[in-house]
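Worksheet: one structure, shown below.
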Amino acid sequence: MEKTKKRFLASFSVFNIIVIAMCAGLGIAVKPVIVPLVHIITGPLFIPGGAVAGGFYMLFIVIAAGLVGKRGTATLTCAVQAVLVLITGVIGSHGIMSLVTYIIPGLLVDFLLIVLRRHYACCAFCCFLSGMAANLAGTFLSNAVFFRLPFVPLMLTLLAALLSGGLGGLIAWGVIKKLRLLNPAFAKKENKDCEANEK
């Protein structure tokens, strides 16, 4: 187990770790700004603001995966976020349950990208799906742990999470493309079929 863990972490360069740490930190930093603004709209509709706002801070998980391009990046990014919210207690902290509510979205993104085989945040399609998966998981877990909404409001909340997450994934893809143009050190796509999407 220890050897597997060391082997996993050894596959990431120092540059990769810096990118992951920056994306994790940015995701946590924008949360206190975005959530109150979104609450202005979602509050009267009785929809948890995190469901809509989530798409705009979950996108940093997708950005990290796209820039690093290695399996497990999304999970590692979410693990860093979980530790950050536990230490700082910033908005969105769920106490010790943060280890679950933050890490599982990353696991789901990595699982989805494994199912998609050669895709790993390499095109608009997989970034869109990744954003949806991350935000859906985060919203569902937050509801299961805290809100426990009735069925109909829960379905509306999850639908909002899907739409917001998908939009965040597309924004993430736009950022990934621009950063790859600016710095060739960022990982290139794993899937050659996605070449047309970068043009």
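Once you place label points 7 Å from the Cα toward the Cβ at Phe125 and Lys178, how far apart are they in nm?
It is 2.5 nm.
What is the count of Lys pairs in the chain whose alpha carbons sit under 21 Å apart, if the two are 8 or more places apart or on different chains?
Lysine pair count for the chain: 18.
From the C-alpha coordinates alone, can you work out the Kirkwood hydrodynamic radius of the chain, in Å?
By the Kirkwood definition, the hydrodynamic radius is 16.8 Å.
How high is the FRET efficiency between Ile114 and Leu156 when r is their beta carbon distance and R₀ equals 30 Å, given to the nearest 0.05?
0.50
Before anything else, pin down the relative contact order of the chain: Cα pairs under 8 Å, at least 6 apart, normalised by residue count, whole percent.
Numbers: 306 pairs, mean separation 51.2, N = 199.
Value for the chain: 26 percent.
Find how much the distance from Ser13 to Val30 grows on full extension, using 0.36 nm per residue of separation minus their present alpha carbon separation; answer in nm with one decimal.
Gain in length upon complete extension: 3.5 nm.
Could you work out [θ]222 nm for the chain from helices alone, using -39500 (n - 2.57) per DSSP H run of at least four and dividing by all its residues? Round to the nearest 500 deg cm²/dmol. Please list the in-between numbers first.
Working: 8 runs with 142 residues, N = 199.
After summing the helix terms and dividing by the residues of the chain, the value is -24000 deg cm²/dmol.
Only the coordinates and a few stated rules stand behind these numbers; no lab work does. Bear in mind that the values here come from a model prediction, so they are computed numbers and not experimental data. Please note: Cβ atoms are built from the backbone with ideal geometry, for glycine as well, and neighbour counts cover all protein chains shown.
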